[in-house]
Amino acid sequence: MSRNRDAAPTGEPLAGPILRFDGVGMRYGRAAEVLRDVNFALAPGSFHFLTGPSGAGKSSLLKLIYLAERPSRGTIELFGRDVEAIAPADRPFLRRRIGVVFQEFKLLDHLSAFDNVALPLRIAGGKPEAYRHDVAELLAWVGLKARMHALPPTLSGGEKQRLAIARAVVGRPDILLADEPTGNVDDAHALRILKLFVELNRLGTTVLIASHDEDLVARSGQPVLHLDKGRLRAFGRNVRTEGA
Amino acid sequence: MSEMFDAGRWKPGPLLPRRDPRDGSLVFVVAVLCFLACLTALGALAANRAAHGWTSQLTGSATVVVRAQGAESPDAAAGRAAETLAGVKGVSEARALEKEKAEALLEPWLGHEALLDDLPIPRLVAVDLDPKVPARAATLDQALKAAGIDATVDDHSLWIADIERGAGIARWSALSVFLLIASAAGAVIAFATRAAMAAHRETIEVLHLSGAQASFVVRLFQARFAQAAALAGLFGAAGAAIIGALARLAGGGQGLTPVLPVAWIDLLAVVPTPLLAALVAAVAARLAARGLIGELA
């Protein structure tokens, strides 16, 4: 795996948090706010789970981080920069530092599994000979060695999920966001995926995983951001682990 | 097959599908509109040529009716008038028509039997005018009077205003129809491109969220749709050129009808069609891609 830092306008080490929400609110159109007064900060290299019931605002919060939505109020700082002050031309370079596992996968159906995983590196301007062995290795690691040629529509839900994870981590992002990454896989694969995230985290990637899987969250022992009705109710403590 | 995968030999696949079933309808619609636009362009050129022909035939000539006076014979009077007119500045040629030709001109009205020898049939002089500086009817009249010839000069001015007006209407009508069809073709190409682009929204979103710059995405779609429109433009233009060539072959220099004469050179008018279609589609794709990225951003 290789990092895309060369393309990033700000690649210097951060003294402060890698991500900071300060009084953030968010709404879709004129509807009521789905996120309200959200305040938290993630240190570089930290690992957190984002929990909460359906409709709590987990996916919306992730969208704000990967720059797919904008806050209706408050300030979000990403890599030490106010996201609202980032020029449109610089935003793609910031996105390359964020790996995202989408809940609905967002795979390109006409591209092979191998091409889908190679996509972020290709977009970043990498040369195929520089990354193709990394891509093959990663696909083998997520258990898709025999499916490298396969097109996404021919893959099972679990295979698609693992493919989406491989694509998200292939560029060794500074931040990895995952929206229900173990939702379609069995326990064995869920643990395997969790281990991959932990390994990436050990290499310096900040990880934030939105998950319903309470057992997985508890087993991980990682701190939790708990959202409820758009408000951040708990931050840092892994209640299940500490209470066990 | 999966065991055969060799990462060392892997080459990146196309970021957009090579074939998309939706492209077929786009190509068909663009091809039909380009075909219609090319046909109207050929029609406009033919109408322009016909209109030019009508007016140049009338403005390039005059007819002089000569009446013999005294003992001079009609033929002598006509000969003298032709000689006089040939010397006038702005006249290329003047020739007296034989009695038979004058009678032939009157035959539709008087009938063959009525053309008796003792009828005072006027003699005609056909005058070809210099196309660059044609002599005016008044000048011809003055020259004839100065030579003592009783004659009436008809420079077709009675007809020419109507013919020119008709030619102008034909020209502008053809041009208007062409512009209308060409604009409609452009609008439909743009609309169809935008509709096809909307179908690629998910691809744009994935590229965008994977860190692709707007210019990267725009170039990708611009090239794709320009290529499809160019191909469609080529089909449309080729179809119209075939119709134009058939019209030329079937009717010679006058095309299928003297009203719309087609020349071989007119067929060149369809040549820029693929380029123009590609340009319109590229601009539409560019704007649509920018719009979609703007919505995502």
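Just a few scattered comments:
- A single entry from A:158, A:143 fulfils the requirement of being of a type in the set (Gly, Ala, Ser), on the phi > 0 side of the Ramachandran plot and more than 8 Å from chain B (Cβ to nearest Cβ): A:143.
- Evaluating residue A:20 against the criteria (1) within 20 Å of the chain's Cα centre (by Cα); (2) of a type in the set (D, E, K, R); (3) modelled with pLDDT of 90 or more; (4) over 16 Å from residue A:177 (Cβ atoms) leaves one unmet condition, (4).
- Close contacts from the range A:201-226, counting a first residue that is at positive phi and a second that is not acidic (Asp, Glu), with Cβ to Cβ under 8 Å and a gap of 6+ residues or different chains, come to A:204/A:44; A:204/A:45; A:221/A:238; A:221/A:241.
Results for (1) in the same structural domain as residue B:170 (by TED's automatic domain parsing); (2) over 30 Å from residue B:279 (Cβ atoms); (3) in contact with a strand residue (DSSP E or B) (Cβ under 6 Å, 6 or more places away or on another chain); (4) not β-branched (Val, Ile, Thr), shown as yes or no for each residue.
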position: B:43; (1), (2), (3), (4): yes, no, no, yes
position: B:46; (1), (2), (3), (4): yes, no, no, yes
position: B:72; (1), (2), (3), (4): no, yes, no, yes
position: B:82; (1), (2), (3), (4): no, yes, yes, yes
position: B:89; (1), (2), (3), (4): no, yes, no, yes
position: B:100; (1), (2), (3), (4): no, yes, no, yes
position: B:103; (1), (2), (3), (4): no, yes, no, yes
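- Scoring residue B:7 on the criteria (1) free of Cβ contacts under 8 Å to residues at least 60 places away in the same chain; (2) within 30 Å of residue B:136 (Cβ to Cβ) leaves a single failure, condition (2).
- Residue match in the range B:230-243 (condition: of a type outside the set (Val, Ile, Thr) and at pLDDT below 90): no
- Residues (under 20 Å from residue B:191 (Cα atoms) and either among the acidic types (Asp, Glu) or surrounded by fewer than 21 Cβ atoms within 10 Å (Cβ to Cβ) (or both)) located in the range B:32-76: B:32, B:36
- In the range B:15-64, residue farthest from residue B:237 (Cα to Cα) [restricted to those that are in contact with a helix residue (DSSP H, G or I) (Cβ under 9 Å, 6 or more places away or on another chain) and outside any helix (DSSP H, G or I)]: B:64
The values are calculated or read from the model by the stated rules, or taken from the named source; none is laboratory data. Bear in mind the structure is a predicted one, so any value in this text is a computation, not a measurement. Using ideal geometry, Cβ is built from the backbone for each residue, glycine included, and neighbour counts are taken over all protein chains shown.
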